[in-house]
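Q: Take a look at this one; I'll ask things after.
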Amino acid sequence: MEAILTSTAVVALAEIGDKTQLLAILLATRFHRPVLIILGIFVATLANHALAALLGASAASFLDSPIFRYAIGLSFVAMAAWTLIPDKFEDDEAPKPRFGAFLTTLIAFFLVEMGDKTQVATIALGAQYHNVPAVAAGTTMGMMIANVPAIFLGQELLKRVDLAKVRMVAAGLFLVIGLWVLTQAAGLIG
């Protein structure tokens, strides 16, 4: 349960103001098909994050050493710093509506999420918890928590939410997790 809850919280906070959330808003304004966009985000995120969690868990099982634990902890600390940098989504990067709302969303979200901070966080969470289904479910829930309201509320949400404060909270969460993992790796806590 800890893996699901932590994964959900980390990704939901990190996703606010992220380029994939901006993509969700853009797709909602272009297609006006919220259910298909939500399904596209869900399927793309589940596939992408399941692979990322599997990569993290696999790497951790092969490299279960104090050095690897320090690397995981430092990756969370790095994610804290990365989270403080706002994402921008250029309109010319936006997918052209060629395949319909579902397929365009699925492809766009899967590709845009590659190398994104939430995917990197999912790899680290997979390595931390060694529980691919729980991490993938949690990170997917986090993405849905952040993106579904964006689809329906779009521009109004961006006007009312202080993204800088949300990034600070998300960065703090990454930092706390990173320091906790580093403290565990050093043997200071069990």
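Q: Is the shape of the range 105-185 best called rounded, prolate or oblate, per the rule: a/c under 1.5 gives rounded, else a/b larger than b/c gives prolate, else oblate, with a ≥ b ≥ c the square roots of the Cα gyration tensor eigenvalues?
A: On the way: a/c = 2.42, a/b = 1.38, b/c = 1.75.
In terms of gyration-tensor shape, oblate.
Q: As I understand it, the value is the acute angle between the Cα axis of helix 66-83 and the longest principal axis of the Cα atoms of the chain; what does it come to in degrees, rounded to 10?
A: It works out to around 30 degrees.
Q: Relative to the first principal axis of the alpha-carbon coordinates of the chain, what is the inclination of helix 163-185, with its axis defined by its Cα atoms, in degrees from 0 to 90 and to the nearest 10?
A: For 163-185 against the chain, the angle is about 20 degrees.
Q: In a shell of Cβ-Cβ distance under 13 Å around L125, excluding L125 itself, what net charge do Lys and Arg (+1) and Asp and Glu (-1) give?
A: Taking every Cβ under 13 Å from that of L125, the sum is 0.
Q: Gaussian network model of the chain, Cα springs within a sub-10 Å range: biggest mean-square fluctuation belongs to which of F76, F174, F68?
A: Taking springs between Cα atoms under 10 Å, the residue moving most is F68.
Values quoted throughout were computed directly from the atomic coordinates according to the rules given, and no laboratory measurement underlies them. Just so it is clear, the model here is predicted, and its values are computed rather than measured. All Cβ positions, glycine included, derive from the backbone under ideal geometry; neighbour counts span all protein chains shown.
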